[in-house]
Amino acid sequence: IDFDLILENVKDLNVLAGEGISQIEHTPGGARLRQPEPLPLTLYQNGIIMFNGPFRPYEDPSTQQCLQDIMDGYFPSELQMCYPDGV
């Protein structure tokens, strides 16, 4: 696992997802600016935690696919169910 590549690609993906850019949220009395909700990802020596969920060891095939997607420069394919319209 290339941790440097993962960190570099996560930075790039954050920019694509709109990090630092406010979005307009319409409210009953008008509108307000809001920041996109972050998706927490914690890397450990032997696994990851995403969404404050359970620990996922690197040996797990779904963890390997998630990290491979990131190393390939894509958002993890497992997020498509949570974000069907994109991130």
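Among residues other than Asn46 whose Cβ falls under 12 Å from its Cβ, what is the net charge (Lys/Arg +1, Asp/Glu -1)? It would help to have the intermediate numbers written out before the result.
Numbers: positive: Arg56; negative: Glu59, Asp60.
Overall, the nearby charge balance is -1.
Ranking Leu67, Gly29, Leu79 by how far each Cα lies toward the positive end of the dipole of the chain (charges on Cβ) leaves Gly29 at the top. Along the range 45-60 the Karplus relation, 6.51 cos²θ - 1.76 cosθ + 1.60 evaluated at θ = phi - 60°, assigns HN-Hα couplings of 4, 10, x, 9, 10, 10, 6, 6, x, x, 5, 10, x, 4, 6, 5 Hz to successive residues, with x for each Gly and Pro. Each Lys and Arg contributes +1 and each Asp and Glu -1, all at the Cβ; summed about the Cα centre of the range 3-82, the dipole is approximately 360 debye. Close amide H contacts of Gly47 (hydrogens built in the peptide plane, cut-off under 5 Å, sequence separation of 5 or more or a different chain): Tyr58.
Residue by residue, the range 14-29 carries 3J(HN,Hα) couplings of 4, 5, 4, 7, x, 4, x, 10, 7, 10, 7, 10, 6, 10, x, x Hz when phi is fed to the Karplus relation 6.51 cos²θ - 1.76 cosθ + 1.60 (θ = phi - 60°); x denotes Gly or Pro. Projecting the Cα atoms of Pro57, Asn14, Tyr44 onto the charge dipole of the range 3-82, computed from C-beta unit charges around the Cα centre, puts Asn14 farthest toward the positive end.
With viscosity 1.306 mPa s and temperature 10 °C, the Kirkwood radius over alpha carbon pairs of the range 3-82 converts through Stokes-Einstein to a diffusion coefficient of 112 µm²/s.
For the chain, calculate the relative contact order in percent as a whole number, restricting contacts to Cα pairs under 8 Å that are 6 or more residues apart.
Details: 78 pairs, mean separation 18.8, N = 87.
Contact order relative to length: 22 percent.
Each value in this text was obtained by applying a stated rule to the coordinates, not by laboratory testing. On a predicted model such as this, the values are computed, not experimentally measured, just so you know. Cβ atoms come from the backbone with ideal geometry, glycine included; neighbour counts cover every protein chain shown.
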